1. Filter region 142-181 down to the residues that are within 12 Å of the ligand (Cβ to nearest atom) and either closer than 16 Å to A127 by Cβ or outside the structural domain of R129 (by TED's automatic domain parsing) (or both) and list them by number.
2. Could you check how many residues of region 110-137 are of a type in the set (G, A, S) and either within 15 Å of the ligand (Cβ to nearest atom) or in a strand (DSSP E or B) (or both)?
3. Any idea which of (1) open to solvent by less than 30 Å² (accessible area, probe 1.4 Å); (2) within 16 Å of the ligand (Cβ to nearest atom); (3) part of a loop (DSSP other than H, G, I, E, B); (4) of a type outside the set (D, E) is the one I55 doesn't satisfy?
4. Going through A127, A72 one at a time, which residue ends up being in the same structural domain as G54 (by TED's automatic domain parsing) and open to solvent by 10 Å² or more (accessible area, probe 1.4 Å)?
5. Looking at the structure I just gave you, is M193 modelled with pLDDT under 95, among the aliphatic types (A, V, I, L, M) and crowded, with 18+ Cβ neighbours inside 10 Å?
6. With the structure loaded, tell me whether I223 is within 14 Å of the ligand (Cβ to nearest atom), part of a helix (DSSP H, G or I) and crowded, with 20+ Cβ neighbours inside 10 Å or whether it fails that test.
7. For region 226-252, which positions are of a type in the set (F, W, Y) and either in contact with a Leu (Cβ under 9 Å, 6 or more places away or on another chain) or away from the ligand (no atom under 11 Å from the Cβ) (or both)?
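The values are calculated or read from the model by the stated rules, or taken from the named source; none is laboratory data. Note that the coordinates shown come from a computational prediction; the quantities given were computed from them, not determined experimentally. Counting neighbours? That spans all protein chains shown, and the Cβs are built from the backbone with ideal geometry, glycine included. Side chains are part of the model used for accessible areas, which takes the heavy atoms of the whole protein and leaves out ligands, DNA and RNA. Shrake-Rupley method; radii C 1.70, N 1.55, O 1.52, S 1.80 Å.
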Amino acid sequence: MDCYGVIGHPVKHSVSPAMHNAAFRAMKIDAVYASFDVKPEDLKKAIEGAKALGIKGLNVTIPHKEEVLKLAKPDELALRIGAANTLKFDEEVLAYNTDAYGALKALENAGVGVSGKTVLIIGAGGAARAIAFALVGEGATVVVTNRTEQRGLKLVQDVRKYGECVFVPMSELEKLRFDILINATPVGMSGYMPGKLPVDSKLIKEGIVVFDTVYNPMETALIKLAKMRGCKVVYGIDMLVHQGARAFEIWTGLSPPFDVMKKAALNALER
Ligand SMILES: NC(=O)c1ccc[n+]([C@@H]2O[C@H](COP(=O)([O-])OP(=O)(O)OC[C@H]3O[C@@H](n4cnc5c(N)ncnc54)[C@H](OP(=O)(O)O)[C@@H]3O)[C@@H](O)[C@H]2O)c1
């Protein structure tokens, strides 16, 4: 039996085990996926241990996505983003960022084209970084706003090497015109700031697309407001399942059972 898993700290609420084990069962693959709580100071030992144990692949979540790049061989996109969420154990430990792919796929599946569009990203952490690099790669103009301006400015400086990207402080967003708004902060997340909006409600205007990367709850305050105002919405759960599906494909070389994975993720969230 092959072994896969997710490393993070904390990790016990991850829906990835449910999603991947359901995929393995559906595809009749003799494999199991488990979660491992790994403290930051133990990351190197955990990767070495996984190698020694013959683990085939790992997902990597908060807070290890950046640090893990020092312990693996990243592909070009992961290197550019500066973070990885998927490791494949081969002759070497290969690192990928499937969050970027997951975000693009969620937009694509909702029928939202990004080329030539102006996209406002709220946040400048790991998720925002992956999404910003992915979007400029597809020909979008990215506007970043963030609570901590320095962090937002750093992201813009990095992304600008590859495409159009500017920073706008939160206090100046009202003047901005944009086609797509993406929340890449935890604001609105259950257990953190449920019911809260990441930006002023005035910014949610009819005709724009609103993508909330927060997936718990699925119907965040931002999504509810966007629907009320007649905006097209994109759900964080779709990004989550697509990033997992891409990891599955990287590990197994097989086409992932997306619907099975989504159903398992939704069931795990309900629990
Ligand atoms: N759907 C998916 O597949 C998926 C994947 C990854 C992440 N996510 C979502 O994205 C969120 C962010 O993840 P991450 O990995 O990017 O985290 P991160 O690296 O810790 O970054 C968090 C970002 O949110 C901002 N922020 C945090 N609390 C805030 C508040 N109260 N008000 C305003 N801004 C605030 C931070 O601003 P400062 O710089 O000012 O601290 C930072 O820009 C997660 O909570 C999760 O809901 C979803």
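1. If the condition is that a residue be within 12 Å of the ligand (Cβ to nearest atom) and either closer than 16 Å to A127 by Cβ or outside the structural domain of R129 (by TED's automatic domain parsing) (or both), then V144, T145, N146, R147, T148, R151, G152, K154, L155 are the ones that fit.
2. 10
3. (2)
4. Testing whether each residue is in the same structural domain as G54 (by TED's automatic domain parsing) and open to solvent by 10 Å² or more (accessible area, probe 1.4 Å) leaves just A72.
5. On the way: modelled with pLDDT under 95: yes; among the aliphatic types (A, V, I, L, M): yes; crowded, with 18+ Cβ neighbours inside 10 Å: no.
Taking the combined requirement at face value, the residue does not satisfy it.
6. Taking the combined requirement at face value, the residue satisfies it.
7. Answer for region 226-252, where residues must be of a type in the set (F, W, Y) and either in contact with a Leu (Cβ under 9 Å, 6 or more places away or on another chain) or away from the ligand (no atom under 11 Å from the Cβ) (or both): F248, W251.
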